[in-house]
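Presented below is the structure to which this report refers.
The numbers here are math on the coordinates, done by the rules we state, and not lab data. Note that the structure is predicted; figures quoted are calculated from it, not measured. Cβ coordinates were reconstructed from backbone atoms using ideal geometry, including for glycine residues, and neighbour counts include every protein chain displayed.
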Amino acid sequence: MSPSREIIRQPVMRRPPRPNTGTLLLYAYKRFDQELFASLHEAGHAGLRPKHGAVLANLDERGTRLTTLARRAHIGTSAMGELVDQLERLGYVERTADPDDRRAKLVVPTTHGTRVIDLAFRTIREIEAAYAADLGESGHAALREALTRLAERSIRQRPSRRATPPAP
């Protein structure tokens, strides 16, 4: 058995001869997330959690309405509101009046929030550079191209829902 098969386990009773693509994507994403948040925590941002990325990754520099943040992150507005509340308590964002519509509020990054967003972008560049070193420039480019196609497809199409489960 190869070392990768011992490390990457399928979360099913009957394991296929090799891990499925979803499992491989999950392991790669989890490692990416761990590296990113370890860097943020080491830099003094211990209160941040991966779920906060739904806000920080979708903020516009001058602020973004909560409904827009929720839509961009593909989560409900109440869940987004909770995340914004948490980040506001931690000092990363603040709510301000929308200059285009005084009835609406914008979620705006504070100076502290802008610093952590900048750090996250630098860390992501470092992680990507490590991928390029591991895979080679052409391998990394091919990975990004394949993942871009899959992401675009998922944006265009919702998963099909079967009326009945498939036959055994």
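Descending by average beta-carbon neighbour count within 10 Å, the peptides 112-119, 145-152 line up as 112-119, 145-152, the highest first.
Annotation: Cα Rg of the stretch 21-146 relative to the compact-globule expectation 2.2 N^0.38 Å equals 1.18. Each Lys or Arg adds one and each Asp or Glu subtracts one; over the other residues with Cβ under 13 Å from the Cβ of residue 28, this totals -1.
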